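**Student:** The structure's right below; bear with me while I get my questions together.
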Amino acid sequence: MTEESHHQHRQKKGIFDSIFPVEHDFEHMLAEQARKTLECVETLVQWLQDTPLSEPNLLREQEANVDAMRYDMEEKLLDSFSTPFDRQDIYSLSRQMDYIVNYSYEVAREMYAFSVQPDDAIRSMAGALLEGTWYTVQGVEAMSRDKKRVKDLIRSARVSMRTIDDLYIHGMADLFDQDDVIEALRKREIYHHLRDAGKALRLTVDILHHAVVGLI
């Protein structure tokens, strides 16, 4: 886009916004949800450090709070005529961040219910999830201000996602070598949930990238 066409686009956008103003600050709401998502993953990582494991009450409360934030955003999306960027991207970004929280809570909930003790693979995957989520949160906060920084953060987040996949594969390989089949099955469920959280993080990052590319 040339400088002249970019200027014309900005003028048209300004006229459109004056006629159909954005009713809600969706970028702020996404950033706030992103920060709460990070808090949930931080809680999971901290929870895994204290053994014997306690009931994950704080994570349950945090998950409920993030769910409420997402439902509120969805209601506002339905009521809004104009949004700062693609409506589907706003919805999907919020939904995938919520999945990260959901899977984080499920990890803790099932570990406590099944009496699964954290091992190196579980703690390492949770740590990589925390790292990738941190990069993603920084990207959400900067999405309309600094595209270059967001792209750099996305690259860093994707490194963390690959780390989760590698840890999952190595962890599963170790499980297959164990003699205790029941313990292996229990841990397999936990590994899967952590990998699913990593997949939700990957989709979050992909949607973030798509949204940033579409911003002028």
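The values are calculated or read from the model by the stated rules, or taken from the named source; none is laboratory data. As the structure is a computational prediction, the values presented were derived from the model and not from experiment. As a convention, Cβ positions derive from the backbone with ideal geometry for all residues, glycine included, and neighbour counts pool all protein chains shown.
**Student:** State whether the residues of the stretch 173-180 include one that is of a type in the set (A, V, I, L, M), in a helix (DSSP H, G or I) and more than 20 Å from P56 (Cα to Cα).
**Tutor:** yes
**Student:** Right, something else. Sort out which residues of the stretch 5-47 are among the β-branched types (V, I, T), modelled with pLDDT of 60 or more and not in a helix (DSSP H, G or I), and write them in order of number.
**Tutor:** Residues satisfying the conditions do not exist here.
**Student:** Identify the residue in the stretch 55-77 that is in contact with a Phe, Trp or Tyr (Cβ under 9 Å, 6 or more places away or on another chain), at pLDDT below 95 and not basic (K, R) and, among all such residues, is farthest from I190 (Cα to Cα).
**Tutor:** Result: L77.
**Student:** Another question, then. Could you tell me which residue of the stretch 175-187 is nearest to G214 (Cα to Cα), considering only residues that are surrounded by 14 or more Cβ atoms within 10 Å (Cβ to Cβ) and of a type in the set (D, E, K, R)?
**Tutor:** Within the stretch 175-187, the match that is nearest to G214 (Cα to Cα) is K187.
**Student:** Please identify the pairs in which a residue from the stretch 104-122 that is on the phi < 0 side of the Ramachandran plot and basic (K, R) has its Cβ atom under 9 Å from the Cβ atom of a residue that is surrounded by fewer than 17 Cβ atoms within 10 Å (Cβ to Cβ) and assigned to a helix (DSSP H, G or I), counting only partners at least 6 apart or on another chain.
**Tutor:** That search, which allows pairs on different chains as well, returns R109/R60.
**Student:** Of the residues that sit in the stretch 78-96 and are part of a loop (DSSP other than H, G, I, E, B) and among the hydrophobic types (A, V, I, L, M, F, W, C), which one is modelled with the highest pLDDT?
**Tutor:** Only one residue fits best here, namely F85.
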